[in-house]
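Novice: I'd like to ask some things about the structure below.
The values are calculated or read from the model by the stated rules, or taken from the named source; none is laboratory data. This one's a predicted model, so the numbers in the text were calculated from it and none came from an experiment. Ideal geometry is used to build each Cβ from the backbone, glycine not excepted, and the neighbour counts take in all protein chains shown.
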Amino acid sequence: MNILITGGAGYIGSHTCVELLEAGHDIVIVDNFSNSNFKVLDNIKTITSKEFKFYEGDVKDKALLEKIFKENKIDAVIHFAAYKAVGESVTKPLMYYRNNLDTTITLLEVMNEFNCHNFVFSSSATVYGSPKSLPIKEDFPLSTTNPYGTTKLMNEQILSDVATADPDFSVIILRYFNPIGAHRSGLLGEDPNGIPNNLMPYIVRVATKELPSLNIFGNDYDTKDGTGVRDYIHVVDLAKGHLKAIEKAATSKGVKYYNLGTGTGYSVLELVKTFEKVNNIKVPYKIAPRRAGDIASCYADPTKAYQELGFKTELTIEDMCRDSYNYIITKEKHLND
Ligand code: NAD
Ligand code: WQD
């Protein structure tokens, strides 16, 4: 298939591009580098030894999308391009609504124009809000606590409405749990600008001594050791889930929802201890107050993705800790040479 990847230079998008190319698909990437680096494109080529087309620009730019669809016969779209920082979405809600909704609407309009009807969307476990029980199944009630999460839920609604209105449409909505890790080569990974909000990037910065110590947000939750529990999924496993989703989109109609997680929850302390052991490095931490908006535990029931997509994660929490650290300690070299 020839697949348009929006946000393909980003963290999850770049790993997915590698998996798609290695599986023999053709890809076209569009990205405006608002949260990524052009060097990522070279690194995708280095890993795969494959060529692909790239357009620099904004997915909200309809003329650009029309040009891409005119110049390429696109069979399916995987839509990663979005802003993703929860805290920033609270302070800049309009920026989030504009970018995260307009990109999808513009894409859908142009797909209609060019008769392309297969769509895979990056949603998030954040749409489950505070789940009534665990593990989380796809039919659980949905709610959100911040504008970022609301953009994901609104996107899901838009896509569902479009699939209802046009029976030719096939939409696969993937609800990611907590992606961490990096490509084994050390050529692709995640390194946010400024002080990280998410746990693994923060741990890595403490390990490299760029930050003095990790603040663990709360040790009085009703969990195994009192710290928050999450379903961490290796980004390479997550990327492979998109291969399965693309195959499903090509052979089904309507809208389908899948959790992409491992089904196992690890606490903050467990992640820190595993990171220390695997990388043989200390991660100093202190217990801090709970972070507003956090829930105690969140992990997926991955059964539906296994039964309907044949998706099963393979990489361990040790792999995630090793690869996250390896990317950062080798990154300077890869991004600058
Ligand atoms: P990322 O920021 O690394 O990648 C997003 C990419 O999209 C970046 O390369 C950015 O430059 C690009 N982009 C953003 N807006 C654009 C626009 N208007 N036009 C063109 N390019 C644009 O993020 P990621 O972690 O790879 O996340 C990918 C998707 O998965 C996002 O939709 C995100 O909301 C979703 N998601 C991420 C997580 C996570 O923890 N990383 C969890 C659940 C869902
Ligand atoms: C994980 C655990 C924290 C940082 C977020 C988004 C979600 C999705 C994935 C996009 C929690 C604890 C964290 C720190 C800590 N993104 N923690 N000290 O909050 O589960 O999910 O990323 O869709 O929408 O909300 O991930 O990595 O921020 O936190 O103790 O410095 O680590 O309290 O228990 P979260 P996270």
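Novice: Under 6 Å between Cβ atoms, at least 6 apart or on separate chains: pull out the pairs that start in the range 26-37 with a residue that is in contact (Cβ under 8 Å) with a residue 40 or more places away in the chain and end on any residue that is aromatic (Phe, Trp, Tyr).
Specialist: From the range 26-37, the pairs are Val30/Tyr55.
Novice: Moving to a separate point now. Given the conditions (1) closer than 19 Å to Asn146 by Cα; (2) out of contact with any Asp or Glu (no Cβ under 9 Å at 6 or more places or on another chain); (3) surrounded by 17 or more Cβ atoms within 10 Å (Cβ to Cβ), which single one is not true for Arg98?
Specialist: Answer for Arg98: the failing condition is (3).
Novice: Output the residue which, of all residues in the range 212-262 that are within 16 Å of ligand 1 (Cβ to nearest atom) and among the aromatic types (Phe, Trp, Tyr), is surrounded by the fewest Cβ atoms within 10 Å (Cβ to Cβ).
Specialist: So, considering only residues that are within 16 Å of ligand 1 (Cβ to nearest atom) and among the aromatic types (Phe, Trp, Tyr), the one surrounded by the fewest Cβ atoms within 10 Å (Cβ to Cβ) is Tyr257.
Novice: Say whether the condition of being touching a residue at least 12 places away in the same chain (Cβ under 8 Å), in a strand (DSSP E or B) and farther than 20 Å from Leu20 by Cα is met by at least one residue in the range 111-130.
Specialist: yes
Novice: Could you check, for the range 159-181, whether at least one of its residues is of a type in the set (A, V, I, L, M), modelled with pLDDT of 95 or more and within 21 Å of Asn32 (Cβ to Cβ)?
Specialist: So far as the range 159-181 goes, no, none of its residues is of a type in the set (A, V, I, L, M), modelled with pLDDT of 95 or more and within 21 Å of Asn32 (Cβ to Cβ).
Novice: Does Tyr221 fit the bill of being among the aromatic types (Phe, Trp, Tyr) and touching a Gly at 6+ places or on another chain (Cβ under 9 Å)?
Specialist: Answer is yes for this residue.
Novice: Identify the residue in the range 1-41 that is closer than 18 Å to Asn100 by Cα and surrounded by fewer than 17 Cβ atoms within 10 Å (Cβ to Cβ) and, among all such residues, is nearest to ligand 2 (Cβ to nearest atom).
Specialist: Taking the candidates together, the pick is Ser34.
Novice: Checking the conditions here, which among Phe52, Phe80, Phe121, Phe140 is in contact with a helix residue (DSSP H, G or I) (Cβ under 7 Å, 6 or more places away or on another chain), of a type outside the set (Val, Ile, Thr) and away from ligand 2 (no atom under 15 Å from the Cβ)?
Specialist: Phe52
Novice: Still on this structure: Those residues that are assigned to a helix (DSSP H, G or I), without any contact (Cβ under 8 Å) to a residue 12 or more places away in the chain and of a type outside the set (S, T, N, Q), I need them from the range 278-337; list them, please.
Specialist: Hits for the range 278-337 are Tyr306, Glu332, Lys333.
Novice: Take the residues of the range 197-211 that are polar (S, T, N, Q) and within 16 Å of ligand 1 (Cβ to nearest atom): which is farthest from the chain's Cα centre (by Cα)?
Specialist: My answer is Asn197.
Novice: Could you look through the range 72-86, keep only residues that are of a type outside the set (A, V, I, L, M, F, W, C) and away from ligand 1 (no atom under 13 Å from the Cβ), and pick out the one that is surrounded by the fewest Cβ atoms within 10 Å (Cβ to Cβ)?
Specialist: Applying the filter and picking the extreme gives Lys73.
Novice: Do we find a residue being of a type outside the set (Lys, Arg) and within 17 Å of Pro201 (Cα to Cα) anywhere in the range 284-304?
Specialist: Yes.
Novice: Being under 16 Å from Ser123 (Cα atoms) and touching a Gly at 6+ places or on another chain (Cβ under 9 Å): is that true of Val86 here?
Specialist: It is true that Val86 is under 16 Å from Ser123 (Cα atoms) and touching a Gly at 6+ places or on another chain (Cβ under 9 Å).
Novice: Hey, another quick one. Among (1) out of contact with any helix residue (DSSP H, G or I) (no Cβ under 6 Å at 6 or more places or on another chain); (2) farther than 19 Å from Tyr11 by Cα; (3) of a type in the set (A, V, I, L, M, F, W, C); (4) away from ligand 1 (no atom under 14 Å from the Cβ), there is one condition Phe169 misses while meeting the rest; what is its number?
Specialist: The number of the failed condition is (1).
Novice: Now, a different point. What about Tyr83, is it of a type in the set (Phe, Trp, Tyr) and in a loop (DSSP other than H, G, I, E, B)?
Specialist: It is true that Tyr83 is of a type in the set (Phe, Trp, Tyr) and in a loop (DSSP other than H, G, I, E, B).
Novice: Just need a number here: residues in the range 43-74 that are part of a loop (DSSP other than H, G, I, E, B), touching a Leu at 6+ places or on another chain (Cβ under 6 Å) and closer than 19 Å to His25 by Cα.
Specialist: Adding up the residues that qualify gives 2.
Novice: Kindly indicate the residue of the range 166-209 that is within 16 Å of ligand 2 (Cβ to nearest atom), aliphatic (A, V, I, L, M) and part of a loop (DSSP other than H, G, I, E, B) and also surrounded by the most Cβ atoms within 10 Å (Cβ to Cβ) among those meeting that condition.
Specialist: Ala182
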